[in-house]
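One structure is given here, and the rest of the page talks about it.
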Amino acid sequence: DLGLLRTKAVPNGDGTYRISGQKIFISAGEHDMSDNIVHLVLARVEGAPEGVKGISLFIVPKFKVDAAGNPGERNTLSCGSLEEKMGIHGNSTCVMNYDEAEGTLLGELNGGLKAMFTMMNEARLGVGLQGLSVSEIAYQNAVSYAKDRLQGRSLSGAKAPDKKADPIIVHPDIRRSLMTMKAYNEAGRALALWTAIKSDVAHRSGDDKDRQAADDYTGLMTPVVKGVLTDKGFDHAVMAQQVFGGHGYIEEHGMSQFVRDARIAMIYEGANGIQALDLVGRKLAQNSGRAVQAFFKEVGEFCEENRTDEKMASFTKALKKGLSDLQAATMWLVQNAMAKPDNAGAASTDYMHLFGLVALGYMWAQMAKSAQAKLAEGANGAAPFYDTKLITARFFMERIMPETATRLARISSGADTLMALPAEAF
Ligand SMILES: Cc1cc2nc3c(=O)[nH]c(=O)nc-3n(C[C@H](O)[C@H](O)[C@H](O)COP(=O)(O)OP(=O)(O)OC[C@H]3O[C@@H](n4cnc5c(N)ncnc54)[C@H](O)[C@@H]3O)c2cc1C
């Protein structure tokens, strides 16, 4: 809770400040891989208002910078200790102590939270990509192992009769895992790129309306990209590890490292529970729901435009059902969360994943349309690539999209049972 922040900043009278306090869990807080380390530190200047309205942001370098811009005298900050962690051992997680360290105000006095969010929004999208990346590398390892490992015979008859057993990629349950990871990863990549394009438009477009619409979209989708892609990153690291059987549990193949490394992405840059609350509590209601309504309209129009295209029917039907579940969940929140905020909190994680399913389903429907168009043009020698896209899109719609109904059912059950037990009953 940043409102409780105690780090303080005292003006030196020359535009700089003396910063004193402690930060914990600071990634790469100390290392010797660069000439200098620039710390961004939130602190409260004496006499500032209580709570988050009295927080300012400061630049505090490890080495003070001389007039020529070179690192000079050592600043009075130090790493007190390093955390022992479950994973990401390539990253030093530091306790940082600031003992009247020299700092410079960044942005406006008492405007620290706003300044910090500029960095955090970008970092959240970056952590979403971290989740997606672990999911992809875990998947690639699982595919390679599944083609190699011989165990059991295919249910539909031997596929490698010259060998003592078939490779495990012939087994439907192994396929279930591989297809799930593949379908999520490719749609996740599309969603990340789609969001990156919107972010470029939000920053660079000369058209005010386009800029605003793209900014709305990026704000709405940031908690979804962060929360969903990192939850799935961990799920898929475990799923890929399972494909290895016992060889996934021992260290030799590196699968357990993916599991350990994927876990942090669900926690830092705001735990995923907080991402879900950001979506439900802030992003939905912002500007009277302008961003979410625009998203519903865009997906709805895509379904409508392709309604009469028979080849698209299986994709648009599933997407439309998902969208209708998402709209019903949104309406339920509008009607039930204002009077009883626990209903919003109880719904938040399911809502974030429901949103993710529709966003990823929308990506797949667009990719299916594009693949069909390419195949109709002759595919230029890449027909297997587009056929693979279509089958993966179908898998997503048949096997993953139906989860929207479960999410909606959970959301609309409300908070009563969830909150019924007194704390001592646990
Ligand atoms: C390895 C590592 C590296 C890190 N690197 C950095 C870094 O470089 N810079 C930096 O500033 N921070 C860093 N962090 C801190 C990290 O961002 C926080 O740990 C993270 O945001 C979670 O905050 P917390 O630990 O205070 O958990 P808490 O806020 O105590 O949360 C605990 C649990 O309660 C839930 N929760 C909390 N509040 C609510 C609420 N109001 N409603 C519902 N649920 C709630 C959370 O979702 C979570 O599940 C790092 C942490 C780690 C472990």
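Structure notes:
- When the solvent-accessible area of region 104-199 is split by element, carbon and sulfur atoms take up 60 percent of it, the probe being 1.4 Å.
- Pairs from the table (LYS232/LYS321; LYS147/LYS182; LYS317/LYS389; LYS23/LYS226) lying more than 20 angstrom apart at Cα are LYS232/LYS321; LYS23/LYS226.
- Spin-label model distance (nm) - LYS163 vs ILE59, 7 Å beyond Cα toward Cβ: 5.8 nm
- Taking Cβ atoms as reference points and 12 Å as the exclusive limit, the residues near ASN287 contribute a net charge of +1, counting Lys and Arg as +1 and Asp and Glu as -1.
- Surface/4 estimate of mean projected area, convex hull on alpha-carbon atoms of region 278-415, nm²: 8.6 nm²
- Cα-based radius of gyration for the chain, normalised by 2.2 N^0.38 Å, reads 1.14.
- For region 101-137, the residues whose backbone nitrogen is under 12 Å from a point 7 Å from the Cα of VAL10, taken along Cα to Cβ, are 101.
- Label-point separation in nm, VAL38 to LEU106, each point 7 Å along Cα→Cβ: 0.7 nm
- For q = 0.11, 0.12, 0.18 Å⁻¹, Debye-computed log10 I/I(0) when each Cα of region 118-260 counts as one equal scatterer: -0.52, -0.58, -0.94
- Relative intensity of region 2-110 on a log10 scale, I(q)/I(0) at q = 0.11, 0.12, 0.16 Å⁻¹, equals -0.36, -0.43, -0.73, per a Debye sum over C-alpha point scatterers of equal strength in the absence of solvent.
- Candidates ASP235, ASP325, ASP416, ranked by Gaussian network fluctuation over the chain, Cα under 10 Å, top entry: ASP416
- Rolling a 1.4 Å probe over the heavy atoms of the protein chains gives the chain an accessible area of 52 Å² per residue.
- Computing Rg and the Kirkwood Rh from the Cα coordinates of region 261-333 gives a ratio, Rg/Rh, of 1.11.
The values are calculated or read from the model by the stated rules, or taken from the named source; none is laboratory data. Remember, predicted model here, so these are calculated numbers, not experimental data. Virtual Cβ from ideal backbone geometry, glycine too; neighbours counted across all protein chains shown. SASA here: full protein model, heavy atoms, side chains in, ligands and nucleic acids out. Shrake-Rupley method; radii C 1.70, N 1.55, O 1.52, S 1.80 Å.
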